[in-house]
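Below is one structure, written out as structure tokens, with a few remarks after it.
The values are calculated or read from the model by the stated rules, or taken from the named source; none is laboratory data. No experiment lies behind these values; they were computed from the predicted model shown. All Cβ positions, even for glycine, are placed from backbone atoms using ideal geometry, and neighbour counts span all protein chains on display. Just the protein is used for accessible areas: all its heavy atoms, side chains included, with ligands, DNA and RNA removed. Shrake-Rupley method; radii C 1.70, N 1.55, O 1.52, S 1.80 Å.
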Amino acid sequence: MKEYIGQLVSEGLKYGIIVSRFNNFITDRLLDGAVDALSRSGVKDDEIEIFRVPGAFEIPLAAKKIAVSKKYDAIICLGAVIRGETPHFDFVANEVTKGIAQLNLEYSLPISYGIITADNTDQAVERAGNKMGNKGFSSAQSAIELLNLFNNANI
Ligand code: INI
């Protein structure tokens, strides 16, 4: 039996981070978490490029353009959609989720889902560096792990 697992190390790989400005009091923390996770795994500053977009709805298009450029080994998507603030919650949350999932498959590239979908601001804050962890940190780690998994398994 053979089993593959990806380590949390990175050497010479490039990462694009997309971060939305909507709810930036949350998304700034997600960005801090993502950059922290990358640098703890050995990613250098010049291996990270950050792309700012207005809201979560714009993330899939930015991710597609970045994937098409072929300049990055993985893309990390960061956003915060909070139900209390809009009747559009379900539309925005569904579109960004579906869009990111489709792009992973279309480009065979790790495009990680660091999107908080929360019922209220308190829940979102909890997932951006407080007791429920930081979704930016964990989504960056999942991109690194997948890159190593695919590399180890030669797939
Ligand atoms: N964008 C978000 O990232 N989070 C939200 O909670 C949100 N709400 O509440 O509406 C939101 N809306 C903006 C949307 O993502 C687009 O930027 C906008 O509709 C322009 O296309």
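Just a few scattered comments:
- Scoring Ile155 on the criteria (1) under 15 Å from the mean Cα position of the chain (by Cα); (2) of a type outside the set (Asp, Glu); (3) not in a helix (DSSP H, G or I) leaves a single failure, condition (1).
- Taken over segment 103-120, the criterion of being in contact with a strand residue (DSSP E or B) (Cβ under 8 Å, 6 or more places away or on another chain) and closer than 21 Å to Val53 by Cβ is satisfied by Leu103, Asn104, Leu109, Pro110, Ile111, Ser112, Tyr113, Gly114, Ile115, Ile116, Thr117, Ala118.
- Count - residues of segment 1-33 that are assigned to a helix (DSSP H, G or I) and either within 16 Å of the ligand (Cβ to nearest atom) or over 30 Å from His88 (Cβ atoms) (or both): 8
- Qualifying residues in segment 95-115 (those that are within 16 Å of the ligand (Cβ to nearest atom) and not in a helix (DSSP H, G or I)) - the one surrounded by the fewest Cβ atoms within 10 Å (Cβ to Cβ): Tyr113
- Any hit, segment 82-92, residues being more than 19 Å from Leu13 (Cα to Cα), within 14 Å of the chain's Cα centre (by Cα) and within 11 Å of the ligand (Cβ to nearest atom): no
- When residues of segment 47-65 are limited to those that are of a type in the set (A, V, I, L, M, F, W, C) and within 15 Å of the ligand (Cβ to nearest atom), the one nearest to Gly129 (Cα to Cα): Ala56
- Complete set of residues in segment 118-139 that are surrounded by fewer than 21 Cβ atoms within 10 Å (Cβ to Cβ) and polar (S, T, N, Q): Asn120, Thr121, Gln123, Asn130, Ser138
- Verdict on Ser69 being of a type in the set (Gly, Ala, Ser) and free of Cβ contacts under 8 Å to residues at least 12 places away in the same chain: yes
- Among the conditions (1) open to solvent by less than 80 Å² (accessible area, probe 1.4 Å); (2) away from the ligand (no atom under 16 Å from the Cβ); (3) part of a helix (DSSP H, G or I); (4) of a type in the set (A, V, I, L, M, F, W, C), Val68 misses just one, which is (1).
- Any chance Asp90 is at pLDDT 95 or above and either over 15 Å from Leu147 (Cα atoms) or in contact with a Phe, Trp or Tyr (Cβ under 9 Å, 6 or more places away or on another chain) (or both): no
- Residues of segment 95-139 that are closer than 22 Å to Phe57 by Cβ and touching a Gly at 6+ places or on another chain (Cβ under 8 Å): Val96, Gly114, Ile115, Ile116, Asp119, Asn120, Thr121, Arg127, Ala128, Lys135, Gly136, Ser139.
- If you go through segment 34-56 and keep only what is assigned to a helix (DSSP H, G or I) and within 19 Å of Lys14 (Cα to Cα), you end up with Ala34, Val35, Asp36, Ala37, Leu38, Ser39, Arg40, Asp45, Asp46, Glu47.
- Note on segment 34-46: among residues that are open to solvent by 20 Å² or more (accessible area, probe 1.4 Å) and either among the charged types (D, E, K, R) or within 14 Å of the chain's Cα centre (by Cα) (or both), the one that is nearest to the ligand (Cβ to nearest atom) is Val35.
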